[in-house]
Amino acid sequence: MSWWSPEIGVKVYGQAAVALVAVIIVICTIVRIFTFLTLGVCKSKKQMNGKTVIVTGANSGIGKETVMDLARRGARVIMACRNLETASKVRAQIIEETKNKNVVLMKLDLSSLTSIRNFAQEVNRAESRLDVLIHNAGVANTFSKNTTSDGLEVTMATNQFGPFLLTHLLIDLLKRSAPSRIVVVASELYRFASINLDNPNPVNTLPAYLYYVSKYANILFALELAKKLQGTGVTANCLHPGMIDSGIWRNVPFPLNLPLKVIVKGFFKSPAQGAQTTIHCAVSDELDGVSGKYFLDCKEHGLSQGVQDPAVAKKYWEICERLVKLEPTDPRI
Ligand SMILES: NC(=O)c1ccc[n+]([C@@H]2O[C@H](COP(=O)([O-])OP(=O)(O)OC[C@H]3O[C@@H](n4cnc5c(N)ncnc54)[C@H](OP(=O)(O)O)[C@@H]3O)[C@@H](O)[C@H]2O)c1
């Protein structure tokens with residue numbers, strides 16, 4: 001006589017399911033406690049009255065929380081967003097919560113060189129100063145290959161080429177406002193990538209991988225930028241915000257998005273926690289004059305050798321200049 005029966009099967013599978021859920025809950029709790037204990041928090045009490053800050057991609061996630069904090073510190077904050085409809089609701093909420101009416105919204109689509117030029121022209125026309133430029137906006141596509149109207153691969157255009165052009169077009173204003181800062185939100189995921197100098201506009205590469213490449217490019221860019229800006233009073237630093245429960249994961253398709261949702265909700269930090277290192281890089285007095293560094297949890301962090309290669313950074317810079325079609329009359333860095 002067999003010891004197995006449908007009733008025993010239901011019981012065994014039921015117990016296994018309960019055990020699995022229990023293990024997941026325990027792991028999530030341990031990770032959450034670890035995250036809480038190691039969390040970098042910007043301790044600076046610096047007020048930013050009289051300072052102007054641009055935050056790109058400010059209508060959601062880390063960008064929104066960055067604006068919220070800077071508005072509380074009294075800064076004039078320019079929210080540079082592509083979707084003015086959702087961004088205006090977020091702006092209203094930020095003004096309501098911080099009581100700072102000096103939060104303005106401007107249109108910026110980083111995947112369009114024309115939009116970047118229009119945005120920069122308006123900033124240069126209307127703003128008397130720019131103390132901090134925060135390159136926060138980013139997109140992570142998974143499978144859908146896409147090129148912009150300028151013929152650039154869309155993930156690279158949004159995350160790297162757009163910020164590269166924007167920095168050039170605003171550099172004179174940053175220099176006039178010195179000491180000023182440029183903050184680049186990169187990612188530890190850069191460690192899974194490298195730059196192929198022979199294929200800098202990789203339109204036929206898997207977009208999911210290009211997210212990593214774009215973050216590698218962000219770090220190369222920030223380090224080279226810091227070098228080129230030595231002596232100008234403008235600093236440039238980059239950072240990893242941590243793994244954050246934000247909109248960046250929205251393009252992961254079904255069914256991959258289901259386990260990802262469990263991981264994101266169970267293990268990742270909140271956007272407000274994710275904004276801490278950006279805020280630290282933007283405001284902390286202890287970073288006065290500090291440039292060309294990479295931060296994680298509000299602390300300086302090491303980088304791999306490859307991403308610090310000055311020869312690659314120099315060549316990549318020249319490639320980016322060509323890809324964004326810098327004009328002879330544009331400022332050079
Ligand atoms: N979440 C993480 O775990 C994590 C980890 C490492 C690094 N990061 C980096 O953190 C930064 C902020 O991302 P997040 O996590 O806060 O994600 P998010 O909530 O998706 O925010 C990204 C922002 O970028 C904007 N954006 C996307 N494409 C744009 C374009 N073409 N022009 C202008 N704005 C554009 C989005 O605007 P729409 O709302 O209009 O799409 C949104 O406001 C990104 O650079 C990301 O790579 C995130």
Write out, first by first residue and then by second, each pair whose Cβ atoms fall under 7 Å of each other, whose residues are 6+ apart or on separate chains, and whose first residue, in segment 90-113, is touching a residue at least 60 places away in the same chain (Cβ under 8 Å) and hydrophobic (A, V, I, L, M, F, W, C) while the second is assigned to a helix (DSSP H, G or I) and buried (at least 18 other Cβ atoms within 10 Å of the Cβ). L113/L165
So which of R32, R91 is surrounded by 21 or more Cβ atoms within 10 Å (Cβ to Cβ) and within 24 Å of I248 (Cα to Cα)? R91
Within segment 209-216, is even one residue in a helix (DSSP H, G or I), of a type in the set (F, W, Y) and surrounded by fewer than 16 Cβ atoms within 10 Å (Cβ to Cβ)? yes
Tell me, yes or no, whether segment 226-234 has at least one residue that is part of a loop (DSSP other than H, G, I, E, B) and on the phi > 0 side of the Ramachandran plot. yes
Restricting to segment 217-247, name every residue that is within 12 Å of the chain's Cα centre (by Cα) and surrounded by fewer than 20 Cβ atoms within 10 Å (Cβ to Cβ). M243, G247
Residues satisfying the stated conditions in segment 36-60, i.e. more than 20 Å from S284 (Cβ to Cβ) and either surrounded by fewer than 24 Cβ atoms within 10 Å (Cβ to Cβ) or away from the ligand (no atom under 12 Å from the Cβ) (or both): F36, L37, S60
Where a residue in segment 10-24 is surrounded by fewer than 10 Cβ atoms within 10 Å (Cβ to Cβ) and its partner, wherever it lies, is aliphatic (A, V, I, L, M) and in a helix (DSSP H, G or I), with Cβ under 7 Å and at least six apart: none
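Could you say which residue among F143, F119 is out of contact with any Cys (no Cβ under 9 Å at 6 or more places or on another chain) and within 20 Å of G247 (Cβ to Cβ)?
Details: F119 fails: within 20 Å of G247 (Cβ to Cβ).
The conditions single out F143.
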Residues being more than 9 Å from the ligand (Cβ to nearest atom), within 23 Å of P331 (Cβ to Cβ) and within 20 Å of the chain's Cα centre (by Cα) - total across segment 175-191: 4
Go through T148, T167, T205 for me and flag whichever is surrounded by 15 or more Cβ atoms within 10 Å (Cβ to Cβ), more than 23 Å from G306 (Cβ to Cβ) and of a type in the set (V, I, T). T148
Within segment 109-120, can one find any residue that is at pLDDT 95 or above, assigned to a helix (DSSP H, G or I), under 21 Å from T277 (Cα atoms) and within 18 Å of the chain's Cα centre (by Cα)? no
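Would you call F254 surrounded by fewer than 14 Cβ atoms within 10 Å (Cβ to Cβ), on the phi < 0 side of the Ramachandran plot and free of Cβ contacts under 8 Å to residues at least 40 places away in the same chain?
Values: surrounded by fewer than 14 Cβ atoms within 10 Å (Cβ to Cβ): yes; on the phi < 0 side of the Ramachandran plot: yes; free of Cβ contacts under 8 Å to residues at least 40 places away in the same chain: yes.
Criteria met by F254.
Considering only segment 277-306, state which residues are over 22 Å from R191 (Cα atoms), under 20 Å from the mean Cα position of the chain (by Cα) and outside any loop (DSSP other than H, G, I, E, B). Spell out the reasoning first.
Filtering segment 277-306 down to residues over 22 Å from R191 (Cα atoms) leaves 279-280, 282-290.
Still in the running and under 20 Å from the mean Cα position of the chain (by Cα): 279-280, 282-284, 287, 290.
Residues satisfying the conditions are I279, H280, A282, V283, L287.
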For the subset of segment 263-276 comprising residues that are at pLDDT 95 or above and assigned to a helix (DSSP H, G or I), which member is nearest to T29 (Cα to Cα)? Q273
State whether one or more residues within segment 17-35 are among the small types (G, A, S) and either within 16 Å of the ligand (Cβ to nearest atom) or in a loop (DSSP other than H, G, I, E, B) (or both). no
Selection from segment 104-148 of residues that are over 14 Å from L165 (Cα atoms) and acidic (D, E): E122, E127, D131
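The values are calculated or read from the model by the stated rules, or taken from the named source; none is laboratory data. All of these numbers come straight from a predicted model, not from anything done at the bench. When we count neighbours, we look across all protein chains shown, and the Cβ atoms used for this are built from the backbone with ideal geometry, even at glycine.
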